[in-house]
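Okay, structure first, notes after.
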Amino acid sequence: MHSESIPGNKRSPRSRSSGKKWTAAAVIAAGGTGARMHAGTPKQFLEIAGRPILLRTVENILSVEAVTQVVVALPVEHIAEARSILDRQPLRLEIDCVAGGRSRQESVHCGVRQVRPGADLILVHDAVRPFCGRDAIESVLQAAWEKGAAVPGLTATETIQRVSRKGRVLTTPPRRELYAIQTPQAFHAEILEAALERASVEGFTGTDESSVVRWAGYPVYVVAGAPDNIKITRPLDLELAELLLKRQHGKDGAAMNETGYRIGHGIDYHRLVEGRKLILGGVDVPFEKGLEGHSDADVLAHAVCDALLGAAALGDIGRHFPDTDPANRGRSSMEFLRTVLAGLKAQGWRIHNVDATLLAERPKLAPYIPAMRQNIADALEMSSGDVNVKATTTEGLNAEGRGEGISAHAVALLIKD
């Protein structure tokens, strides 16, 4: 299904090949005042299960690795509070908060103007839709990449009537043609920029970004929306959000286990010695010493292996890759990760995310962490956005602090497929 363009206006550019991986910037419209919530607080700052709606929404957007910039457009008087919320925990990207305009359309336009050059696509999303998952976001982005403009929509289930101001039914449009349109909406960057600029000059106001783009003469296509992608507008929506969250994650640990969630913890230590390469997360880190071990002694990968095996109750790394086996001598620990993944798949487990910490006094590891994350993600067939690696020192305490060795801790969450 698509919306026809206005005759005589510009059409979308030729469909682009799906072979090239696109990049996207996201603009989040966060201009709500909370009037319909009767809360005295902007609705995007209200909490669901102890976490602000805005933070949940931003985290969902950041789950898509191809998103390289996020701009939150909101009233200038709310910027400080938004910054405080977004700074509560580390995020993959630094979030840009910009002052919006008098209307949603003006606010989105302000956000779009802050998008850095180079983004292929621009995604526009409501700050108060905190349940839109990664698959749905990627689906609309991919459709926009191929067709120019795409929106998620739900087919109408009720009979929709056109009614006069006096309450008289005028017409009944065919239900098969009616869709409830959601966000996020995605567009080729140049299409959205041109449409918003033209609307600003000519004084046109649309009901959403897709209506502005369509008014400007570009076709807009619909992909399947998600019923759970609700917009938090009224008090009842908050109650519904709490129910959705409980359904997704369980009310407590027992409920989570019934739906097939497992958490595992791994820890590993290796001594630093002369004459060895320092391999961490599959990265050859320049240093005068390396880690001692039968394999490549990748302490980070070993901790991740143990976390995954522990979550699935499959023993530990020593059981699966003993140092008495000559086949493991000098072996890359990335191969260990791939073997562990195969074992998890055989048991019906899927890896949700991995979080790991390296403890080392020297060398400085920050420059190599992105490559470590990517290597681990590739070995485990995950997005690097679902793999986190941190590094810290022990302030001169214990063996790591004395430079005698390096250790790593890891936590992993598995989901039963």
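The numbers here are math on the coordinates, done by the rules we state, and not lab data. Everything numeric in this text was worked out from a predicted model, so none of it was measured. Cβ placement follows ideal geometry from the backbone for every residue including glycine, while neighbour counts extend to all protein chains displayed.
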Here the FRET efficiency for ARG88 versus ASP228, based on Cβ atoms and R0 = 35 Å and rounded to 0.05, is 0.90
On a 0 to 90° scale, report how tilted helix 333-346 is relative to the longest principal axis of the chain, with both axes built from alpha carbons and the result rounded to the nearest 10.
60 degrees
How would you order 404-412, 333-341, 87-95, 109-117 from highest to lowest mean count of nearby Cβ atoms within 10 Å?
404-412, 333-341, 109-117, 87-95
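Restricting to Cα pairs below 8 Å that are 6+ residues apart, what does the relative contact order work out to for region 254-416? Please round to a whole percent. Provide the component values of the computation, followed by the final result.
Values: 362 pairs, mean separation 54.1, N = 163.
Rounded, it is 33 percent for region 254-416.
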For ILE415 and GLU59, extending 7 Å from Cα along the Cα-Cβ vector and measuring point to point gives, in nm, a value of 1.3 nm
Which of the peptides 172-180, 286-294 is most tightly packed, and how do the rest follow, going by the mean number of other Cβ atoms within 10 Å of each residue?
286-294, 172-180
Taking 0.36 nm per residue of sequence separation and subtracting the Cα-Cα distance, how much length would be gained by fully extending the chain between LYS345 and ASP323, in nm to one decimal?
5.5 nm
Report, to the nearest 10°, how far helix 104-113 tilts away from the longest principal axis of the Cα atoms in the chain, using its own Cα long axis and a range of 0 to 90°.
50 degrees
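State the extension gain, in nm to one decimal, for the chain segment bounded by ALA80 and ARG175, taking 0.36 nm per residue of separation less the distance between their alpha-carbons.
Values: separation 95, 0.36 × 95 = 34.20 nm, distance 4.46 nm.
Fully extending the segment from ALA80 to ARG175 adds 29.7 nm.
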At a Förster distance of 45 Å, what's the computed FRET efficiency of THR155 paired with ARG116, Cβ-Cβ distance as r, to 0.05?
0.75
Between the Cα axis of helix 369-379 and the main Cα principal axis of the chain, the angle (0 to 90°, nearest 10) is 90 degrees
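Counting only other residues whose beta carbon sits under 13 Å from that of ALA366, what net charge do I get with K and R as +1, D and E as -1?
My count for the surroundings of ALA366 gives +4.
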In terms of Cα to Cα distance under 19 Å, which aspartates and glutamates are near enough to LYS21, apart from those fewer than 8 places away along the same chain?
GLU65, ASP120, ASP135, GLU138, GLU146, GLU190, ASP378, GLU381, ASP386
Pairs beyond 29 Å (Cα-Cα), from LYS43/LYS166; LYS231/LYS345; LYS147/LYS416; LYS147/LYS231:
LYS43/LYS166; LYS231/LYS345; LYS147/LYS416
Spin-label pair VAL163/ARG51, simplified geometry with 7 Å Cα→Cβ offset, distance in nm
3.9 nm
Ranked from fewest to most other Cβ atoms within 10 Å of their own Cβ, SER139, SER103 fall in the order SER103, SER139
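Remind me, relative contact order of the chain in percent, using alpha carbon pairs under 8 angstrom and six or more residues apart?
Values: 866 pairs, mean separation 64.0, N = 417.
Answer for the chain is 15 percent.
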Provide the gained length on full extension for the span HIS265 to ASP378, in nm with one decimal, where the gain is 0.36 nm per separating residue minus the Cα-Cα distance.
38.6 nm
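Do you know the relative contact order of region 67-178, to the nearest whole percent, from alpha carbon pairs under 8 angstrom that are 6+ apart?
On the way: 101 pairs, mean separation 19.9, N = 112.
So the answer I get is 18 percent.
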Report for the chain the percent antiparallel among DSSP-assigned beta bridges with both residues inside it, nearest 5.
60 percent
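Peptides 71-82, 122-133: what's the order by average Cβ count within 10 Å, highest mean first?
On the way: 71-82: 19.4, 122-133: 24.5.
Going from most to least packed, we get 122-133, 71-82.
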Taking Cα centroids, how far is region 271-348 from region 124-145 in Å?
36 Å
Return, ordered by residue number, the residues of region 106-145 whose backbone nitrogen is under 15 Å from a label point located 7 Å along Cα→Cβ of GLU193.
109-123
